[in-house]
Amino acid sequence: MTKDIFVVGAGAWGVALAHTAAIGGCKVRLCGRDKTIVDQINNHHTNPQFPDLAQVNSNVVAQVGYAGIEATQTTLIVVPAQATRQAILDIGPEKLAGKNLVLCAKGLEQDTLMRQSEIVAELVPEAVSFSLSGPSFAIDVAQSKPTAVTLAGPTLQQAREIVDLLAGPTFRPYSSDDLIGVELAGALKNIYALGAGAVEGAGLGFSARSSLIARGFAEMGRLVDALGGSAATLNGLAGLGDLTMSCTARESRNYEFGFRLGAGETVQQILDSGAKLAEGVFSTPVGFKLAHQNGVDVPIIGAVNALLDGKVTIDVLVSKLMARPLRSE
């Protein structure tokens with residue numbers, strides 16, 4: 001497979017992935033929308049998101065627009081989950097037909113309840129979808145700190161080909177053929193990160209947070225299994241690894257957003273302060289609807305959904321969860 005790749009999205013995660021792919025030997029074209037950012041990458045080889053902390057490998061060439069994407073066999077789509085559909089339409093589905101598309105957003109489309117690969121299947125049925133997920137902060141990858149992730153595709157052989165393409169000295173992808181499970185794990189962990197952050201923000205203690213993580217892990221397994229994925233996938237990086245990191249680190253946008261909710265702020269107050277909207281805010285109602293449609297009991301997702309709606313406070317929700325019928329684990 002050719003070592004040329006195209007990265008769509010010059011945000012923190014897109015630049016970081018472009019950098020690590022270049023370190024691994026790829027020739028990378030990085031597509032951004034802001035000419036100032038593009039010029040900074042090309043002229044100074046610095047990451048605009050972390051200008052004093054991270055460099056960008058010289059094998060990364062940034063550009064505005066999608067020129068040349070049709071000649072590239074593998075493209076990484078690194079835009080927010082709610083923007084994936086529009087990004088593909090902007091590129092032109094015909095230019096992506098027959099290509100490998102590595103989907104790097106962790107989220108479910110709010111209006112359609114679709115996973116990222118389902119969006120691709122609808123718009124570009126001839127493309128081959130992959131999902132990159134697992135415990136990975138953009139700053140760590142940008143600084144070439146050791147990171148292990150999961151790369152899922154339709155088959156293990158196809159996934160291994162992309163793994164070989166993207167792997168580098170500090171970036172280690174593990175291959176999987178459970179595309180559904182990996183995508184769902186990446187989206188659902190954001191919901192539990194909101195909940196875990198809210199528990200700490202409300203000062204309810206580490207015991208409560210640990211309980212939420214453990215029961216959330218079990219809840220996630222039930223939902224993944226019902227939706228066609230494998231609960232066993234959650235034992236790896238895309239599940240337990242990402243869930244643990246996202247539910248314990250203030251660097252996680254979802255955890256921080258949840259922390260502020262637990263401390264008493266509303267969603268609108270958090271947004272009015274200039275904070276970016278966490279992906280879990282979109283994925284929570286979608287996860288709740290999918291669970292309801294498939295008859296899966298998801299009390300924690302339901303609680304986070306109610307918290308986001310502003311219907312109840314975190315202490316009331318925890319009381320309700322603690323009052324649920326006793327049962328075996």
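Table: residues versus (1) at pLDDT below 95; (2) under 25 Å from Leu277 (Cα atoms); (3) in contact with a Leu (Cβ under 6 Å, 6 or more places away or on another chain); (4) in a helix (DSSP H, G or I).
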{"position": "Glu183", "(1), (2), (3), (4)": "no, yes, no, yes"}
{"position": "Ala193", "(1), (2), (3), (4)": "no, yes, no, yes"}
{"position": "Ala214", "(1), (2), (3), (4)": "yes, no, no, yes"}
{"position": "Arg222", "(1), (2), (3), (4)": "no, no, no, yes"}
{"position": "Thr233", "(1), (2), (3), (4)": "no, no, no, yes"}
{"position": "Ala238", "(1), (2), (3), (4)": "no, yes, no, yes"}
{"position": "Asn254", "(1), (2), (3), (4)": "no, yes, yes, yes"}
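Restricting attention to segment 59-86, the residues that are in a strand (DSSP E or B) and out of contact with any strand residue (DSSP E or B) (no Cβ under 7 Å at 6 or more places or on another chain) total 0. Looking only at segment 87-98, decide whether some residue is open to solvent by 20 Å² or more (accessible area, probe 1.4 Å) and in a loop (DSSP other than H, G, I, E, B). Looking through segment 87-98, at least one residue is open to solvent by 20 Å² or more (accessible area, probe 1.4 Å) and in a loop (DSSP other than H, G, I, E, B).
For segment 38-72, filtering for residues that are hydroxyl-bearing (Ser, Thr, Tyr) and either crowded, with 19+ Cβ neighbours inside 10 Å or in contact with a Lys or Arg (Cβ under 9 Å, 6 or more places away or on another chain) (or both) leaves 2.
Summed over segment 10-37, the residues that are open to solvent by 10 Å² or more (accessible area, probe 1.4 Å) and not in a strand (DSSP E or B) give a count of 13. Consider segment 260-285 and keep the residues that are of a type in the set (A, V, I, L, M) and in contact with a helix residue (DSSP H, G or I) (Cβ under 8 Å, 6 or more places away or on another chain). The one that is modelled with the lowest pLDDT is Leu277.
The lone criterion from (1) free of Cβ contacts under 8 Å to residues at least 24 places away in the same chain; (2) crowded, with 21+ Cβ neighbours inside 10 Å; (3) among the hydroxyl-bearing types (Ser, Thr, Tyr) left unmet by Thr75 is number (1). The single condition among (1) more than 19 Å from Ile162 (Cβ to Cβ); (2) open to solvent by 20 Å² or more (accessible area, probe 1.4 Å) that Arg115 does not meet is (1).
Just so you know, in segment 67-90 the residues that are within 21 Å of the chain's Cα centre (by Cα) and of a type in the set (Val, Ile, Thr) include one that is nearest to Leu113 (Cα to Cα), and it is Thr84. Examine segment 233-241 for a residue that is of a type in the set (A, V, I, L, M), more than 14 Å from the chain's Cα centre (by Cα) and surrounded by 22 or more Cβ atoms within 10 Å (Cβ to Cβ), and state whether such a residue exists. Scanning segment 233-241 turns up at least one residue that is of a type in the set (A, V, I, L, M), more than 14 Å from the chain's Cα centre (by Cα) and surrounded by 22 or more Cβ atoms within 10 Å (Cβ to Cβ).
Going through (1) under 15 Å from Gly310 (Cα atoms); (2) open to solvent by 60 Å² or more (accessible area, probe 1.4 Å) one by one, Phe259 falls short only on (2). In segment 251-303, how many residues are of a type in the set (Lys, Arg), in contact (Cβ under 8 Å) with a residue 40 or more places away in the chain and farther than 17 Å from Met220 by Cα? Result for segment 251-303: 1. From the list Glu219, Glu200, which residue is more than 30 Å from Gln158 (Cβ to Cβ), open to solvent by 40 Å² or more (accessible area, probe 1.4 Å) and in contact (Cβ under 8 Å) with a residue 12 or more places away in the chain? Of the residues listed, the single one that is more than 30 Å from Gln158 (Cβ to Cβ), open to solvent by 40 Å² or more (accessible area, probe 1.4 Å) and in contact (Cβ under 8 Å) with a residue 12 or more places away in the chain is Glu200.
The values are calculated or read from the model by the stated rules, or taken from the named source; none is laboratory data. Bear in mind that the values here come from a model prediction, so they are computed numbers and not experimental data. All Cβ positions, even for glycine, are placed from backbone atoms using ideal geometry, and neighbour counts span all protein chains on display. Ligands, DNA and RNA are excluded from the accessible area calculation, which covers all protein heavy atoms including side chains. Shrake-Rupley method; radii C 1.70, N 1.55, O 1.52, S 1.80 Å.
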